[in-house]
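One structure is given below, encoded as structure tokens.
Read the figures in this text as sums done on the coordinates, not as results from a lab. From a predicted model like this one, the values you see are computed outputs, not experimental measurements. A quick note on method: Cβ atoms are made from the backbone with ideal geometry, for glycine too, and the neighbour counts reach across all protein chains shown.
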Amino acid sequence: MTSRVLVVYSSTHGHTEKIAERIGTVLRQLGLHAEVIDVRDVTEEDLERFHAVIVGASVHAGQHQREMLVWARLHAGWLQHMASVFFSVCLTAAEDDEEAREASQGYIADFVDETGWQPERSESVAGALQYREYDFFTRHLMRLMMKRGGHPTDTSQDYDYTDWDEVDRFAREFAEWLTATPVVEAG
């Protein structure tokens, strides 16, 4: 039996969705049945169809999207009994220093605390600075923050900090782990 993997995500400006789609593509290339679904569209019937789950959400203003926090808290028991992992998308992960790593891990720890779900594995993924997607206020706030940090401030373009090879590796490692883990029937 082929494992059925749900890749559920919450995305504010679309970048976490791109990462979730990439993970789904890699899993399908490896022979798994993977469906990528926005957390707002996941039904109870969907949950019964899957043997494993990858959950992804992005950090904005210091926390993950509310809809993902609520969903993961509501389904923490189901998630705990599934082969399940979590990826957190944030700009902080793009920085290569101890303070940034601690902040990225802190966001994940907060997610775990708020939801009660302890994923088998968690990964912090660098996101994107999406000036063109932001509303006027957010664009200028982000520009000021980036200027202070010495980062790009040209709001006419976006800046993708995601290490796509690392995203592919995360998906491959999940697939390898999943094939070594006995399949638990959903439901």
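For region 37-109, the equivalent ellipsoid derived from the alpha-carbon gyration tensor has semi-axes of 26, 13, 10 Å in decreasing order. Picking from Leu178, Trp71, Thr155, whose Cα lies most toward the positive end of the charge dipole for the chain (charges on Cβ: Lys, Arg +1; Asp, Glu -1)? Farthest along the dipole direction, towards plus: Thr155. Comparing Val85, Val39, Val70 in a Gaussian network model of the chain (Cα springs below 10 Å), the most mobile by mean-square fluctuation is Val70.
Computed over the chain with a Gaussian network model linking Cα atoms closer than 10 Å, the most mobile of Val26, Val89, Val53 is Val26.
Just the number, please: Stokes-Einstein D of region 29-187 in µm²/s, Kirkwood Rh from C-alpha pairs, 10 °C, 1.306 mPa s.
Numbers: Rh = 17.1 Å.
The estimated diffusion coefficient comes to 93 µm²/s.
Between Ile108, Thr138, Gly127, the Cα set farthest toward the positive side of the dipole of region 102-148 (charges on each charged residue's Cβ, about the Cα centre) is that of Thr138. Shown in residue order for region 108-119 are the 3J(HN,Hα) couplings computed by the Karplus curve 6.51 cos²θ - 1.76 cosθ + 1.60 at θ = phi - 60°: 5, 4, 4, 4, 4, 4, 6, 9, x, 9, 10, x Hz (x for Gly and Pro). Near Ala52, the amide H atoms lying under 5 Å from its own belong to Arg4, Leu6; only residues 5 or more places off or on other chains count, and H is placed 1.01 Å from N.
For region 96-185, the calculated P(r), taken from all Cα-Cα distances in 10 Å bins from zero up to the bin holding the longest distance, is 13, 30, 34, 16, 6, 0 percent. 3J(HN,Hα) along region 153-162, derived from phi through the Karplus expression 6.51 cos²θ - 1.76 cosθ + 1.60 where θ = phi - 60°, amounts to 10, 6, 7, 7, 9, 9, 10, 9, 9, 5 Hz, with x in place of Gly and Pro. When the alpha carbon gyration tensor of region 69-111 is reduced to an equivalent ellipsoid, its three semi-axes come out at 26, 10, 8 angstrom, largest first. Computed 3J(HN,Hα) for region 46-57, one whole-Hz value per residue from the Karplus formula 6.51 cos²θ - 1.76 cosθ + 1.60 where θ = phi - 60°, is 4, 4, 6, 8, 10, 9, 8, 8, 10, 10, x, 8, glycine and proline marked x.
Scanning residues 5 or more positions from Val125 or on other chains, those with amide H under 5 Å from its amide H are Ser88, Val89, Cys90, with H placed 1.01 Å from N in the peptide plane. Remark on Ile37: its backbone amide H falls under 5 Å from those of Val7, Val8, Tyr9, a criterion applied only to residues 5 or more positions apart or on other chains, H modelled at 1.01 Å from N.
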